[in-house]
1. Taking SER128 as the residue in question, decide whether it is farther than 20 Å from ALA210 by Cα and touching a residue at least 24 places away in the same chain (Cβ under 8 Å).
2. Of the residues LEU86, LEU82, LEU67, which is buried (at least 18 other Cβ atoms within 10 Å of the Cβ) and either touching a helix residue (DSSP H, G or I) at 6+ places or on another chain (Cβ under 9 Å) or not in a strand (DSSP E or B) (or both)?
3. When you look at SER315, is it in contact with a His (Cβ under 6 Å, 6 or more places away or on another chain) and in a helix (DSSP H, G or I), yes or no?
4. Go through LEU355, LEU376, LEU326, LEU368 for me and flag whichever is at pLDDT 95 or above and either within 26 Å of GLY247 (Cβ to Cβ) or in a helix (DSSP H, G or I) (or both).
5. I'd like the residue in the stretch 39-71 that is of a type in the set (S, T, N, Q) and modelled with pLDDT of 95 or more and, out of all such residues, is nearest to ASN190 (Cα to Cα).
6. Across the stretch 443-460, which residue is surrounded by the most Cβ atoms within 10 Å (Cβ to Cβ) among those that are farther than 26 Å from ALA229 by Cβ and in contact (Cβ under 8 Å) with a residue 60 or more places away in the chain?
7. Kindly indicate the residue of the stretch 359-396 that is among the hydroxyl-bearing types (Ser, Thr, Tyr) and out of contact with any helix residue (DSSP H, G or I) (no Cβ under 7 Å at 6 or more places or on another chain) and also surrounded by the most Cβ atoms within 10 Å (Cβ to Cβ) among those meeting that condition.
8. Which one of PRO463, PRO440 is more than 19 Å from ALA210 (Cβ to Cβ), buried (at least 22 other Cβ atoms within 10 Å of the Cβ) and modelled with pLDDT of 95 or more?
Amino acid sequence: MLLLLSLLTSLARFVCINGSPTIELGRTMLVGLDIATFQQDLFAGIPFAEPPLGSLRLKPPVLKTSLYPGTFNATVFSPACLQTDLPLSAISEDCLTINVLRPTGTPTDAKLPVMFWTYGGGFTDGLSEIYNGSGIVAQSVLRGTPLIYVNFNYRLGPLGFPQGQEANNLGALNLALKDQIAALQWVQSNIGTFGGNPDKVTVFGESAGAIMTSILFLNSPLTTLARGAILESGSQASTPIFTAEPGEVQWQNFVGGVPSCASLATSGNTFSCLQNANTTEIFQGLSAAMAEATDAFPWLPVIDGPRGLIPDLPSVLLERGQFARLPFVAGTNEDEGTLFAPQTINSTQDIEESLVSGATPSLSPETLGQSVSTLLELYPDIPALGAPFGTGNDTFGLSSQYKRAAAIYTDLYFLSQRRHWIETAASAGVPTFGYLFTQPQPELSPALGVDHGSEVSYVYGAPADNSSSAALISRIMTDYWVSFATSLTPNDGVGVPRPDWTQFTPQNRALIQLNGANLTMIPDNFRAEQTNFINSDLAIWQH
């Protein structure tokens, strides 16, 4: 996953409190960081919920809209939430914090639009600190449509997405989604103090962040928290959606790694013990569970019942018309699946096994076998048809099955889901805009192509490629995103000259191709036979 190095991180560690921007939040004085280079104010590490420790561990977040009286140092980011890719010194369970970045000296009554970012990371990794919104805010000011950028941390792994029967019985599912809602509620309560407009919030995110944001369209108070969304490489069921019970073994592996609770791992009565364990023990359990995981994504959103955020399969809810009618932008990258297809894959059987593991367990072997067989027929073992697309017969020294699998994963989990979501919403009269990001990525391995996550640095104005084509499409993409956030259309006519991005409708099924050398509208009909088959029975694939 492409991660952005943050200039703000290094600056924040050497700040002088005197002369810094301040905000009066109730009876608390927030002391922020003056980012003079960008003429911006940063207020970082602000708690939006009580620390989810002790009796609050494995519970929904307790919203915290005010702080203790006095002065709060908002010049440094909080630690990341627990994850195994960072050392213990860089992570903490006391991580539910929010960051606000605004143009310098924004008055309280400015009522600026707000862009609210949710990071990706497979639901097990990620942190807000590395996503530096300075480029977005700076460009919004230059184009005369200033806005405020906000991001936050949410719980990850078993603390954010508990699995198993006990979690289901206790209603302790999808806690990270509830963290996201709490952060948005904090924005509603407090962003006006920073000069933002709570009625003009656009939620956006990538990968897991886009999946989480898409899920909020299904059965959450999203319409009271935001007015639009931008969804990069993720829809409601880009990861298959199961109930909590299939994750029981994974939960037991987690508890079995917590020393003081290991003996209770299979008891079905683990929460009380886990709430009394210390963070070091919890981290040990997380590490053990991740080491034993057989699935690439062991901690996922799950169906959580009639009163939950995901009452049923997303496809079922969408077909019922049970979704928020908010305008949105949704798109994918050309070669999403290359990042997820193992480069060691070398047989049709390998692909079959991966498809079966993500399909509904209630299907008979005969029915599932026929569906998998048909899908494989639609994606023959012909390198020129595989992903990275448009690379001919080149297999990059790998088995041709790699390109075949990458094409299937691209369409099964990303293209088909974006297509189903945008078509459903457009048919209901929701203003929607679709894109396909095809900008070449010369700094990546050719076997990856335009892979998952590669568009993020372009949105943030910091592509690794320093070519004129990359710089141009980055500026244009930031303009499209800012335009949508400030006016609910990417076509406000302000900023870098750019083509009109036409709305996706049942009569105009078109996307914008985001490519510096060929920025144009294209029909949304490529590989239609394949995605039509996938979408003909979405329940098979737990969509």
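1. no
2. Exactly one of LEU86, LEU82, LEU67 is buried (at least 18 other Cβ atoms within 10 Å of the Cβ) and either touching a helix residue (DSSP H, G or I) at 6+ places or on another chain (Cβ under 9 Å) or not in a strand (DSSP E or B) (or both), namely LEU82.
3. In short, yes.
4. None of the other options fit; the residue is LEU376.
5. Top of the filtered list is THR71.
6. Of everything passing the filter in the stretch 443-460, GLY449 is surrounded by the most Cβ atoms within 10 Å (Cβ to Cβ).
7. In this case the residue turns out to be THR391.
8. Matching residue, one of PRO463, PRO440: PRO463.
The values are calculated or read from the model by the stated rules, or taken from the named source; none is laboratory data. Fair warning: this is a prediction, and the values are worked out from it, not measured in the lab. Heads up, the Cβs are rebuilt from the backbone with ideal geometry, glycines too, and the neighbour counts pull from every protein chain shown.
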